[in-house]
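Just so you know, all these numbers are worked out from the coordinates, no wet-lab data involved. Only a predicted model underlies this, so the values are computations on that prediction, with no experimental measurement involved. Cβ placement follows ideal geometry from the backbone for every residue including glycine, while neighbour counts extend to all protein chains displayed.
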Amino acid sequence: MRGRLAGSILLGVPALFLAALFVLPLLSMVVLSFWRTENYHIIQDWNLGNYWTLATGGAYVTFLIRSLVMALIVSAVSILIAWPVSYAIILYGGRYRLLFTLAFAVPFLTGEVLRVIALQGLLGPLGLINGVLMAMGAAPLRFIMYTNVASAIGLVYLYLPIVVTVIYLSLLNFDPRLIDAAKIFGASPLRAFIEVTWPLNLFGTLIGFALCFIPCLSATLAPRFLGGPNGTLYGMAMAQQFGESGTWALGAAMGVVLFIVSVAVIVAIGTRIDLRRTGFTGLGRS
Amino acid sequence: MRRTLIRFIAKYSLLLTLAISYLFLYLPIVHIGLAAFSKNFNFPYPPRWTLDTFGRLFANSLYQNAFGNSLVLGIGAATLSTLLAAAATLGLIRNPGRRTRLYLALFVAPLFVAEVLIGISSLIFNGLFLEIQGNLVSAVLANAVHCFSYALLIIATQLYRYDWRLDDAAMVFGASPMRTFFEVTLPLIWPGLLGAFIVTFIMAFNNLEISFYLLGATPTLPSVAWGALRYGVKPELYALATAVNLVVVLGLMVMFVLMLTGKVTFGHRPERERAV
């Protein structure tokens with residue numbers, strides 16, 4: 001009885017904290033999205049005007065589609081890079097595996113602003129790549145200066161560490177004896193990968209996908225400083241509603257749209273996961 | 001023969017991908033690092049060394065002020081999120097029940113909500129519904145929401161392998177639950193808590209998108225850097241980024257040395273070590 005009470009306090013306090021500071025704000029964003037803003041004043045008059053603007057204003061639809069395409073491409077590319085990287089660390093890292101993975105986490109811990117600054121040092125007109133090209137007398141590469149390609153490279157740079165970490169953790173918890181078993185029964189390495197390694201690590205891969213997709217979808221910094229005039233993404237347009245234009249209600253509606261899209265993606269991913277197939281043994285061990 | 005060749009190619013293409021990824025990740029950081037220490041900061045090859053930019057950075061009172069605020073923000077959010085996450089993890093593992101899944105879903109939900117959405121929704125909630133002006137406290141709380149999930153995952157990986165029979169043993173010998181916690185559980189799980197604290201501190205310290213909306217006019221290092229970035233990159237920013245990078249690398253090196261000497265393991269499980 002006493003243990004149960006302690007348990008409900010242990011679980012209850014964080015749950016209350018999240019309810020008050022995470023769920024309530026999200027709900028208030030939903031409420032605000034049904035109001036409207038006029039001359040920087042919020043008028044409490046329930047209507048669907050904001051959503052109507054978002055659905056019919058061509059620019060917003062373009063921004064959303066562009067953000068979706070961008071986030072999809074960036075997450076797919078990140079996973080394509082992260083798989084061989086984590087696999088190489090697992091296979092050849094030996095006792096320094098953790099060091100290799102931490103080395104991937106260092107840039108992730110440096111903060112987005114400073115990493116965008118670093119990226120401008122690589123990609124910008126005066127950056128490393130174009131600097132070297134011009135020093136050698138070649139023409140600078142136009143496609144990495146303030147374009148959507150530059151934004152995409154930037155987003156991969158920003159979120160690759162998290163995808164690598166997630167896939168690495170997934171592979172670390174995967175029992176490699178299963179591959180040996182498959183090979184003993186005559187499977188080629190490729191077949192063993194497709195039929196054992198890949199499905200058993202699908203959970204980690206999809207989590208990595210989600211953790212890359214969601215911040216990319218609402219990215220504000222990278223498109224602003226790396227993308228060009230045609231590079232406005234949804235998150236960046238949303239941030240502007242709270243800054244320059246002062247139209248909070250419209251911004252809240254954009255936030256709700258982003259939130260709904262993120263939830264839809266997570267649900268779509270969630271339905272593809274069978275926890276038992278990933279070797280998940282349940283919570284707690286009692 | 002053909003088999004060995006394929007294996008050889010597979011091995012080296014994997015290692016090559018790894019090397020290229022590290023290069024991609026670190027090249028910009030090294031580039032701005034060189035630029036920060038160099039007089040010719042636009043294209044520092046070969047660098048002509050100087051420490052001027054660091055001098056200007058550390059003399060600038062705006063940056064000093066911002067550093068202080070970031071420090072408060074980082075420590076506050078990290079302490080809060082680590083404590084809450086430790087409680088949540090203990091609760092989840094020790095008292096599994098029907099509602100465990102529900103709690104777990106709530107606890108990891110902030111991972112799947114973009115930072116900018118947490119920032120904006122907290123701004124709306126605080127500014128519009130509670131009518132609180134932007135301040136450090138609300139920024140700490142909003143950052144703690146985001147950091148909480150990360151802290152939970154870090155502590156959970158450590159605690160998942162913890163042997164609860166040790167606690168039971170202590171209680172059999174008459175220790176109160178409180179005493180058991182402080183004399184048995186805490187000494188064994190503190191590395192996980194420390195790891196969570198360090199990571200969440202660094203995250204909150206560097207956070208722009210949540211803090212920006214909740215701080216009002218209070219400057220933090222990321223927001224000052226963001227402002228400077230808008231008006232063209234200055235050498236001070238290179239120096240700032242380099243300084244933060246150096247501190248992060250130093251912190252992780254300390255963690256690594258502690259691990260190498262066997263003081264802490266951070267959830268590392270040697271029994272699973274095995275050449276594939």
(message) Rounded, prolate or oblate for the range A:149-233? Axes are the square roots of the Cα gyration tensor eigenvalues, ordered a ≥ b ≥ c, and the cut-off for rounded is a/c under 1.5.
(response) prolate
(message) Let's test the formula: R0 of 30 Å, r as the Cβ-Cβ distance of A:Thr62 and A:Phe143. What FRET efficiency results, to the nearest 0.05?
(response) 0.90
(message) Could you work out the pair-distance distribution P(r) of the range B:60-275 from its alpha-carbon pairs, with 5 angstrom bin width and percents rounded to whole numbers?
(response) 1, 7, 12, 15, 16, 15, 12, 9, 6, 4, 2, 1, 0, 0
(message) Within 10 Å of each candidate Cβ there may be at most 10 other Cβ atoms; applying that plus a DSSP loop requirement, which trypsin sites (Lys or Arg not before Pro) in the range B:94-191 survive?
(response) B:Arg98
(message) Cut-off under 13 Å on the C-alpha distance; same-chain residues fewer than 8 positions from A:Lys183 excluded. Which aspartates and glutamates are left, in chain and number order?
(response) A:Glu195
(request) Lys and Arg at +1, Asp and Glu at -1: add these up for the other residues within a Cβ distance under 13 Å of B:Leu51 and post the number. (result) +1
(message) I want to verify a result. In a Gaussian network model of chain A, Cα cutoff 10 Å, which of these has the top mean-square fluctuation: A:Ala20, A:Ala192, A:Ala150?
(response) A:Ala20
(request) Could you tell me which of B:Met255, B:Leu141, B:Phe201 has its Cα farthest along the dipole of the range B:60-275 towards the positive end, charges placed at Cβ (Lys, Arg +1; Asp, Glu -1), taken about the Cα centre? (result) B:Met255
(message) Which of rounded, prolate or oblate describes chain A when judged by the alpha-carbon gyration tensor and an a/c cut-off of 1.5?
(response) oblate
(request) Could you pull out the longest piece of chain A with no exposed loop chymotrypsin sites (Phe, Trp or Tyr not before Pro) in it, calling a site exposed if DSSP puts it outside H, G, I, E, B and it has at most 14 other Cβ atoms within 10 Å? (result) A:47-184
(request) Please identify every one of the trypsin sites (Lys or Arg not before Pro) in the range B:4-47 that sits in a loop by DSSP and has no more than 16 other beta carbons within 10 Å of its own beta carbon. (result) B:Lys39
(message) Under the rule a/c < 1.5 gives rounded, and otherwise a/b versus b/c splits prolate from oblate, where does the protein assembly as shown land using the Cα gyration tensor?
(response) rounded
(request) Give me the net charge of A:Asp45's neighbourhood, meaning all other residues with Cβ under 14 Å from the Cβ of A:Asp45; Lys, Arg count +1, Asp, Glu -1. (result) 0
(message) Under the rule of at least 5 residues apart or a separate chain, name every residue whose amide H is placed under 5 Å from the amide H of A:Arg36.
(response) A:Ile43, A:Asp45
(request) Would you grab the residues whose amide H sits under 5 Å from the one on B:Ser38? Only those 5+ places off in sequence or on another chain, please, with H modelled 1.01 Å from N. (result) B:Thr50
(message) If each DSSP helix of 4+ residues adds -39,500 (n - 2.57) and the sum is divided by the residues in the protein assembly as shown, what number results at 222 nm, nearest 500 deg cm²/dmol?
(response) -22500 deg cm²/dmol
(message) What is the sum of charges, Lys and Arg at +1 and Asp and Glu at -1, for the other residues whose Cβ falls under 13 Å from the Cβ of B:Arg3?
(response) +4
(request) Quick one: Debye curve from the alpha-carbon atoms of the range B:157-266 only, equal weights, vacuum; give me log10 I(q)/I(0) at q = 0.14 Å⁻¹ to two decimals. (result) -0.76
